[in-house]
Amino acid sequence: MTQANQTAMERISDREFVVRRTVDGSVLLVFKAWSEPELFRRWWTPKSFGMTIHSCEMDVRTGGGYRLVISHPSMPEPMAFFGKYIEVVPGERIVWTNEEGGEEGAVTTVTFEGRGEQTLVVWRDLYPSKEALDEAMVSGATSGFDEQFDQLDEMVAELGAE
């Protein structure tokens, strides 16, 4: 990771939270890390959070779906995170719903912009209400991106070295 690869996070409106990060790797490799379950599960949860991904099912295509089952020592039972892919443009964009929260779930849009051997990743969560984003921020759901993207960067570097 280079010094330039800092994770920028900001609330840009009452309902929208945006994360930006440049990853050292081609768009092809970075998109692959977001769309192949065996790669995705290697970097998705920040290691320091103590979470375990028990299963990761992803059908990354427009109209497809995903389901992750994750546990944490503080949770009595593993929790399922699931939704549908609204739009998938390989190497450019993935848009999905977060349905485990019912009507309070955000719609996430991740875009990938190639910059030579680097990729600018922009993650946008659009919540259904100001209150839903407020709650996500208080709960810690909007934290951990620095570590998560560091893990992505490390894994993409390993893939690029293969």
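The values are calculated or read from the model by the stated rules, or taken from the named source; none is laboratory data. All values reported here derive from a predicted model rather than from experimental measurement. Every residue, glycine as well, gets a Cβ built from its backbone with ideal geometry; the counts of neighbours run over all protein chains shown. Surface areas here come from the heavy atoms of the whole protein model, side chains and all, with no ligands, DNA or RNA. Shrake-Rupley method; radii C 1.70, N 1.55, O 1.52, S 1.80 Å.
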key: Members of segment 2-25 found to be open to solvent by less than 60 Å² (accessible area, probe 1.4 Å) and of a type in the set (Gly, Ala, Ser), listed by number   = 8, 13, 25
query = Scanning segment 62-83 for residues that are modelled with pLDDT of 95 or more and more than 14 Å from the chain's Cα centre (by Cα), which turns out least open to solvent (accessible area, probe 1.4 Å)?
reply = 64
ask   = So, in segment 26-51, of the ones that are at negative phi and among the small types (Gly, Ala, Ser), which residue ends up most open to solvent (accessible area, probe 1.4 Å)?
value = 48
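Can we say residue 105 is modelled with pLDDT under 95 and surrounded by 17 or more Cβ atoms within 10 Å (Cβ to Cβ)? First the steps, then the outcome.
Numbers: modelled with pLDDT under 95: yes; surrounded by 17 or more Cβ atoms within 10 Å (Cβ to Cβ): yes.
So residue 105 fits the description; yes.
Name the single residue, out of those in segment 16-54 being part of a helix (DSSP H, G or I) and under 11 Å from the mean Cα position of the chain (by Cα), that is nearest to residue 143 (Cα to Cα). Explain how you work it out, then say what you get.
Narrowing segment 16-54 to residues part of a helix (DSSP H, G or I): 27-35, 37-43, 47-49.
Narrowing the set further to residues that are under 11 Å from the mean Cα position of the chain (by Cα) leaves 33-35, 40-41, 43.
Details: 33: 20, 34: 19, 35: 22, 40: 18, 41: 18, 43: 15 Å.
So the residue we want is 43.
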key: Scan of segment 119-147 for residues that are farther than 25 Å from residue 23 by Cα and open to solvent by 70 Å² or more (accessible area, probe 1.4 Å), ordered by number   = 130, 131, 135, 138, 139
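Given the criterion of a type in the set (Ser, Thr, Tyr) and in contact with a Lys or Arg (Cβ under 6 Å, 6 or more places away or on another chain), identify the matching residue among 45, 7, 52.
Exactly one of 45, 7, 52 is of a type in the set (Ser, Thr, Tyr) and in contact with a Lys or Arg (Cβ under 6 Å, 6 or more places away or on another chain), namely 7.
Looking for whichever is over 12 Å from the mean Cα position of the chain (by Cα) and either crowded, with 17+ Cβ neighbours inside 10 Å or modelled with pLDDT under 95 (or both) here; the options are 92, 100. Which one fits?
Numbers: 92 fails: either crowded, with 17+ Cβ neighbours inside 10 Å or modelled with pLDDT under 95 (or both).
Residue meeting the stated conditions: 100.
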